[in-house]
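The values are calculated or read from the model by the stated rules, or taken from the named source; none is laboratory data. In this text, all values refer to a predicted model and were calculated from it rather than measured experimentally. In this analysis, Cβ positions are derived from the backbone assuming ideal geometry, glycine residues included, and neighbour counts consider all displayed protein chains. Just so you know, the surface numbers come from the protein's heavy atoms only, side chains and all, with ligands and any DNA or RNA stripped out. Shrake-Rupley method; radii C 1.70, N 1.55, O 1.52, S 1.80 Å.
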Amino acid sequence: MQGDLGTPAAPLRVAIIGSGPSGFYAAEHLQEQDGLEVQIDMYDRLPTPFGLVRGGVAPDHQKIKSVTRVYDKIAAHPEFRFYGNVEMGRDITHEDLSAYYHAIIYAVGARTDRRMGIPREYLPGSHSATEFVGWYNAHPDFRSLGFDLSSTGAAVVGNGNVAMDLARILASPPEALAATDIAEHALRALTGNGIREIHVLGRRGPAQAAFTNKELKELGELPGVDVVVDPAEVALDPLSEADVAARPNRTRDRNLELLREYAERPLTGAPKRIVLHFLVSPVEIVGTERVEALTIVHNELYESEDGSIRPRPTERQTTIPLGLVFRAIGYQGVPLPGIPFDAMRGVIPNEAGRIMDPRVGAPVQGEYVVGWIKRGPQGIIGTNKPDSQESVDSLLADLRGGHLNKHEVPAREVLERLLGERRRDFVSYEDWQLIDLLEQERGAASGAPRVKFSRVEEMLQALKERKRAAAEEAAREG
Ligand code: NAP
């Protein structure tokens, strides 16, 4: 142990930057250590916690969102604090964090998206899934975006679960969406949208799709929607067939079964269609003022030198007339000021969660990383638990080995005074719980689980008013 660090005389002070699942699982693992006295301060640039659980998970997947109850328990620990509406780089610097904490854990996720790299990718009507998902989930960063959903045709590029979420939300009846916590502005825009046909484009075959069974099955359960799959496209090529035989995989096999069922299902003439295409890649967006069509090339599969099955283009191209393109081809991490960054992979370079300084090939003392900014944008919420535990175990080993920031750090009150000067309106966990309550009250009238605030000023104002009303009532009673 590093002196008496981690004992009641000198609690270990840890900052966690980001309040999504990976940040909370890191906090939980620290709290679970027998005999370790740890004070955890979790920061978020938004007044609201939970990262992609709030801003990414689809609004019609409320059960998945109930994982936040676990996070509430972690936050209820007496030595846990949440500082929302505090942005690293704007309100608190890397230098501050190094001065105030023995260890820092970055849990900032992957904030932007990958690019397709095709001509006219940025014409009006072509959007990233990151923007659309953030917009329909009331994320303040995307509040002011406008989506013209009047076109009859849309393409969703990608074959992951985000692509499935997008296709489903675009095809869902508005009355079903109204019973979710979808953003009010998104519900208004989606109600009466003109979209009749949604093309989901996978660059590889059905055996290589990244989506999972539940998400694929949900498409087939949407009322008023036909799912269209060309039987020729679910017939496996010899390479995929050999791979399927050699490598058992239940998710993939169930996907193939479901796709075969869709291919055999008679069409009902439903008002909307979701067409699942395989072995196609976008080549260019066609249009002048806005998206008018998307040209795709048909691919074939080959085995690359590393043994993976990859797509390569053939001569065959098709142009689909449509007015909307959503690229759902993966998220991408962005650098943080003062922290090493691997721009190729979009992650913070690390070994078992210890941030590595590429200039010297050694760990950066007392700095760790968890979640998507550590391993790249893959995995479900639960994947973050072992991932965060690994990083925290590295931190604990460094504590035992005497490798954390050695200097004495100021007490929490000193930090709070600094924050109060820099960011008077920082939001505590109790404040967030009031915002949470206010959102739920707003939803009660319409039967929605909540109506989210989509602007930071709006939530801060509502919070202020509720606190003032509570104080006035207390004064009257007292
Ligand atoms: P993902 O699962 O990695 O899928 C990305 C898809 O984009 C893949 O099909 C990939 O194809 C394709 N792609 C990549 N580059 C492309 C390009 N240049 N052109 C065409 N296609 C391209 O990523 P995601 O959908 O963003 O999801 C991220 C993570 O969140 C995943 O682990 C996902 O399971 C999880 N998630 C889960 C849920 C849920 O549980 N309901 C919901 C949303 C997200 P290749 O395979 O050929 O590379």
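Net charge around Ile40, counting only other residues with Cβ within less than 15 Å of its Cβ (Lys, Arg = +1; Asp, Glu = -1)? Intermediate results must be reported in sequence, preceding the final value.
Numbers: positive: Arg13, Lys73, Arg81, Arg412; negative: Glu28, Glu32, Glu37, Asp41, Asp44, Asp72, Glu79, Glu416.
Counting the neighbours of Ile40, the net charge comes to -4.
Which of the lysines could a cross-linker bridge to Lys464, judged by Cα under 23 Å and excluding same-chain residues fewer than eight apart?
Lys452
Check Ile16: other-chain or 5+ apart residues with amide H under 5 Å from its amide H, H built from backbone geometry?
It is Asp41, Met42, Tyr43, Ile105, by chain and number.
Checking the cross-link filter: which aspartates and glutamates have an alpha carbon closer than 19 Å to that of Lys272, excluding same-chain neighbours under 8 positions apart?
Counting by Cα, and skipping residues close in sequence, Lys272 has these aspartates and glutamates nearby: Asp60, Asp148, Asp165, Glu175, Glu197, Glu215, Glu218, Glu221, Asp226, Asp230, Glu261, Glu264.
Give me, ordered by chain and number, the residues 5 or more places off Asp226 or on other chains with an amide H under 5 Å from its own placed amide H.
Ala270, Lys272, Arg273, Ile274
Only four residue types carry charge here, +1 at the Cβ of Lys and Arg and -1 at the Cβ of Asp and Glu. Report the dipole size of segment 114-330 about the Cα centre in Debye, rounded to the nearest 20. Intermediate values should be presented prior to the final figure.
Values: 24 positive and 30 negative charges, 40 e Å.
Once rounded to the nearest 20, the dipole reads 200 debye.
Give the long-range amide H neighbours of Val325: residues separated by 5 or more places, or on another chain, with amide H under 5 Å away, using H modelled in the peptide plane at 1.01 Å from N.
The answer is Ser126, His127, Ala155.
Tell me the angle of helix 412-422 to the major Cα principal axis of the chain, expressed in degrees between 0 and 90 and rounded to the nearest ten.
That works out to roughly 60 degrees.
Tilt of helix 250-264 relative to the longest C-alpha principal axis of the chain, in degrees (0 to 90, nearest 10)?
40
HN-Hα J couplings of segment 356-368 from phi, Karplus 6.51/-1.76/1.60, θ = phi - 60°, integer Hz, Gly and Pro as x?
Rounded to whole hertz, the list is 9, 8, x, 5, 10, x, 10, x, 7, 4, x, 10, 9.
Dipole magnitude of segment 367-478 about its Cα centre, charges +1 at Lys/Arg Cβ and -1 at Asp/Glu Cβ only, in debye to the nearest 20?
On the way: 19 positive and 21 negative charges, 48 e Å.
Computed about the Cα centre, the dipole is about 220 debye.
Could you tell me which of Gly269, Asn299, Ala171 has its Cα farthest along the dipole of segment 114-330 towards the positive end, charges placed at Cβ (Lys, Arg +1; Asp, Glu -1), taken about the Cα centre?
Ala171
Taking Cα atoms, how many degrees apart are the long axis of helix 456-477 and the longest axis of the chain, rounded to 10 and kept between 0 and 90?
So the helix axis and the longest Cα principal axis differ by about 50 degrees.
Explain nothing, just the number: relative contact order of segment 114-330, from Cα pairs under 8 Å at least 6 residues apart, as a whole percent.
31 percent.
Applying the Karplus parametrisation 6.51 cos²θ - 1.76 cosθ + 1.60 with θ = phi - 60° to the phi angles of segment 42-58, what ³J(HN,Hα) value in whole Hz is obtained for each residue in order, glycine and proline being reported as x?
Computed from phi, the couplings for segment 42-58 are 9, 10, 9, 6, 9, x, 10, x, 5, x, 5, 5, 8, x, x, 4, 4 Hz.
Per residue, how much accessible area does the chain show when a 1.4 Å probe rolls over the protein heavy atoms, in square angstrom?
On the way: 21530 Å² over 478 residues.
That works out to 45 Å² for each residue.
Of the listed pairs Lys214/Lys385; Lys63/Lys374; Lys73/Lys385; Lys63/Lys217, which have alpha-carbon separations greater than 24 Å here? Let's see the in-between values first.
Details: Lys214/Lys385 21 Å; Lys63/Lys374 26 Å; Lys73/Lys385 15 Å; Lys63/Lys217 16 Å.
Too far apart for the 24 Å limit: Lys63/Lys374.
With θ set to phi - 60°, apply the Karplus curve 6.51 cos²θ - 1.76 cosθ + 1.60 along segment 118-132 and write out the HN-Hα couplings as whole Hz, x wherever there is a Gly or Pro.
Along segment 118-132, the couplings run 10, x, 6, 4, 9, 5, x, x, 10, 9, 8, 4, 3, 5, 5 Hz.
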